[in-house]
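K.L.:
Handing you this structure, nothing more for now.
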Ligand SMILES: [Zn+2]
Ligand SMILES: [Zn+2]
C-alpha cells in the first residue's frame, strides 16, 4: 500500500474524509461501509451519511474504489497517481483469504475504450473483478 499523499488531497478533503481514507488505508482487505462506520465511531464520525459522503468523494478522486461484487471498499493501491477515471482498473479478489490486488492495464483500457466507442456506449464507470485463489493460498 502506498503511503504517499495525493498532492490535491489535503486541500479537497475535509477532516472526516481524511479519517475515512486513513481507516481504509490501514485495512489490507476490502471493508464494508458498516465496518468503516464501526471503526470510525471512536474517532468522532458517528453519522453513517458522513461516511457514505466521504466514500463517494474518495472514489470520485480515485483515492478509493468500490468492489461491486463484494459491496466493499478499498483504498487505491496507487495512492497518488490515480487518474483512474480514465484508466481501466482491475481487482483480483482471493475467495479464500479475501485479499485484493489492484492493477491497471493500458491494453485493457485501450480495448475497453475501443469497444465503448464502437458501441456508442455511455460509460459511467468500470470495475473489473477477477475472482479466484491468490498464489499464497494456492501454495498453502
Ligand atoms: Zn486505484
Ligand atoms: Zn488468498
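The values are calculated or read from the model by the stated rules, or taken from the named source; none is laboratory data. Everything numeric in this text was worked out from a predicted model, so none of it was measured. Every residue, glycine as well, gets a Cβ built from its backbone with ideal geometry; the counts of neighbours run over all protein chains shown.
K.L.:
What are the residues in segment 25-46 that are loosely packed, with under 15 Cβ neighbours inside 10 Å and within 16 Å of ligand 1 (Cβ to nearest atom), if any?
P.N.:
As a first pass, look at segment 25-46 and keep what is loosely packed, with under 15 Cβ neighbours inside 10 Å: 26, 28-29, 32, 34, 38, 41-44, 46.
Those that are loosely packed, with under 15 Cβ neighbours inside 10 Å and within 16 Å of ligand 1 (Cβ to nearest atom): 28, 29.
K.L.:
Scanning segment 86-96 for residues that are part of a loop (DSSP other than H, G, I, E, B) and free of Cβ contacts under 8 Å to residues at least 40 places away in the same chain, which turns out farthest from the chain's Cα centre (by Cα)?
P.N.:
Initially, segment 86-96 is screened for residues part of a loop (DSSP other than H, G, I, E, B), giving 86-88, 95-96.
Applying the additional criterion that residues be free of Cβ contacts under 8 Å to residues at least 40 places away in the same chain yields 86-87, 95.
Values: 86: 15, 87: 13, 95: 18 Å.
My answer is 95.
K.L.:
Just to be sure before I move on: is residue 87 closer than 22 Å to residue 25 by Cα, in contact with a helix residue (DSSP H, G or I) (Cβ under 8 Å, 6 or more places away or on another chain) and within 16 Å of ligand 1 (Cβ to nearest atom) in the structure I sent?
P.N.:
Against the criterion (closer than 22 Å to residue 25 by Cα, in contact with a helix residue (DSSP H, G or I) (Cβ under 8 Å, 6 or more places away or on another chain) and within 16 Å of ligand 1 (Cβ to nearest atom)), residue 87 qualifies.
Each row is one residue, and each column tells you yes or no for (1) touching a helix residue (DSSP H, G or I) at 6+ places or on another chain (Cβ under 7 Å); (2) more than 16 Å from ligand 2 (Cβ to nearest atom); (3) at negative phi.
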| residue | (1), (2), (3) |
| --- | --- |
| 15 | no, yes, yes |
| 22 | no, yes, yes |
| 29 | no, no, yes |
| 50 | yes, yes, yes |
| 56 | no, yes, yes |
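K.L.:
Now for a different question. Which one is modelled with the lowest pLDDT among residues in segment 47-77 that are more than 16 Å from ligand 1 (Cβ to nearest atom) and in a helix (DSSP H, G or I)?
P.N.:
Looking at residues that are more than 16 Å from ligand 1 (Cβ to nearest atom) and in a helix (DSSP H, G or I), I get 48.
K.L.:
Between residues in segment 119-140 that are free of Cβ contacts under 8 Å to residues at least 24 places away in the same chain and residues that are outside any strand (DSSP E or B), which pairs lie under 6 Å by C-beta distance while being six or more apart or on different chains?
P.N.:
From segment 119-140, the pairs are 123/116.
K.L.:
Within segment 15-30, can you find the residues that are assigned to a helix (DSSP H, G or I) and in contact (Cβ under 8 Å) with a residue 12 or more places away in the chain?
P.N.:
Within segment 15-30, 16, 17, 19, 20, 21, 23, 24, 25 meet the criteria.
K.L.:
Could I ask something else about it? How many of the residues making up segment 97-112 are part of a helix (DSSP H, G or I) and either touching a strand residue (DSSP E or B) at 6+ places or on another chain (Cβ under 8 Å) or surrounded by 15 or more Cβ atoms within 10 Å (Cβ to Cβ) (or both)?
P.N.:
Counting residues in segment 97-112 that are part of a helix (DSSP H, G or I) and either touching a strand residue (DSSP E or B) at 6+ places or on another chain (Cβ under 8 Å) or surrounded by 15 or more Cβ atoms within 10 Å (Cβ to Cβ) (or both) gives 3.
K.L.:
Hey, another quick one. Please determine, by comparing only the residues of segment 122-137 that are more than 16 Å from ligand 1 (Cβ to nearest atom) and not in a helix (DSSP H, G or I), which one is modelled with the lowest pLDDT. I'd like the intermediate steps shown before the answer.
P.N.:
Taking segment 122-137 and keeping what is more than 16 Å from ligand 1 (Cβ to nearest atom), we get 122-124, 131-137.
Now narrow it down to the ones that are not in a helix (DSSP H, G or I): 122-124, 131-134.
Numbers: 122: 93, 123: 86, 124: 81, 131: 94, 132: 96, 133: 97, 134: 95.
Only one residue tops the list, namely 124.
K.L.:
Name every residue in segment 113-131 that is surrounded by 11 or more Cβ atoms within 10 Å (Cβ to Cβ), under 21 Å from the mean Cα position of the chain (by Cα) and more than 25 Å from residue 99 (Cβ to Cβ), in order of residue number.
P.N.:
113, 123
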